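Student: There's a structure below that I have some questions on.
The values are calculated or read from the model by the stated rules, or taken from the named source; none is laboratory data. A quick note: this is a predicted structure, and the numbers were derived from the prediction, not measured. Heads up, the Cβs are rebuilt from the backbone with ideal geometry, glycines too, and the neighbour counts pull from every protein chain shown. Remember, those area values only see protein heavy atoms, side chains included, never the ligands or the DNA or RNA. Shrake-Rupley method; radii C 1.70, N 1.55, O 1.52, S 1.80 Å.
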Amino acid sequence: MVQKKNIYNALTGEATVVDYTTKEQASYDDYNSTEKVTARKLDLIKEMRLEKLMETDYYALQDVTMSNEMKTWRQSLRDIPANHTDETAYDALLARDSDGNLTHSIWSKP
């Protein structure tokens, strides 16, 4: 599908809708290819996973005892790329409720 863009002429105040150029369309199609969209989702999941792990890193200090539940949860976060390998799984991990909260159980801290 050919994308369109608005061009605004500040001198005349007129707006015109035109098709993307061939180069713009190719760039748009490349950016939105299934492979790149899937890769961006995985990158986002990895960033979120890292934040969760960093939030609980203090449990790994010598003077703090980490519960087995916390150890299991942190391991399940580290295992996300191995256990979730397709776009459907990524969509499930990124699902949010109407308030914007992540709904997948893996994000819930024990």
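Student: Give the accessible area for residue 7 in Å² (nearest 10); use a 1.4 Å probe, count only protein heavy atoms, and leave out ligands, DNA and RNA.
Tutor: The accessible area comes out at roughly 80 Å².
Student: Please compute, over every Cα-Cα pair in the chain, the percentage with a separation greater than 17 angstrom. All intermediate terms of the calculation are to be shown ahead of the outcome.
Tutor: Working: 4049 of 5995 pairs.
When every Cα pair of the chain is considered, 68 percent fall beyond 17 Å.
Student: Run the dipole for region 54-94 about the Cα centre, Lys and Arg Cβ at +1, Asp and Glu Cβ at -1, nothing else charged, and hand back the magnitude in debye, nearest 20.
Tutor: It works out to roughly 180 debye.
Student: Also, quick follow-up: When the dipole is taken about the Cα centre of the chain, and only Lys, Arg (+1) and Asp, Glu (-1) are charged at their Cβ, what size is it in debye, to the nearest 20?
Tutor: Approximately 120 debye in magnitude.
Student: How high is the FRET efficiency from residue 36 to residue 78, r the C-beta distance, R0 22 Å, rounded to 0.05? Walk me through the numbers on the way to the answer.
Tutor: On the way: r = 25 Å, r/R0 = 1.13.
After rounding, the FRET efficiency stands at 0.35.
Student: What length, rounded to one decimal in nm, is gained on full extension from residue 20 through to residue 103, with 0.36 nm per residue of separation minus their alpha-carbon distance?
Tutor: Stretched out fully, the residue 20 to residue 103 stretch lengthens by 26.1 nm.
Student: Given an 8 Å cut-off on Cα distances and at least 6 residues of separation, report the relative contact order of region 8-110 as a percent. Can you show the working numbers first?
Tutor: Values: 49 pairs, mean separation 23.7, N = 103.
Contact order relative to length: 23 percent.
Student: Net charge around residue 59, counting only other residues with Cβ within less than 9 Å of its Cβ (Lys, Arg = +1; Asp, Glu = -1)?
Tutor: So the surrounding residues net to +1.
Student: Extension gain residue 6-residue 61, at 0.36 nm per residue separation less the Cα-Cα distance, in nm? Mind showing how you got there, number by number?
Tutor: Numbers: separation 55, 0.36 × 55 = 19.80 nm, distance 5.55 nm.
My answer for the length gained is 14.2 nm.
Student: Net charge near residue 32, counting Lys/Arg +1 and Asp/Glu -1 over other residues with Cβ under 14 Å of its Cβ?
Tutor: -2
Student: Largest first, what is the accessible-area ranking of 97, 43 with a 1.4 Å probe?
Tutor: On the way: 97 65, 43 85 Å².
Listed by decreasing accessible area, they come as 43, 97.
Student: Using the Cα centre of region 25-104 as origin and beta-carbon charges of +1 (Lys, Arg) and -1 (Asp, Glu), tell me which of 90, 80, 26 is placed farthest towards the positive end of the dipole.
Tutor: The listed residue farthest towards the positive side: 80.
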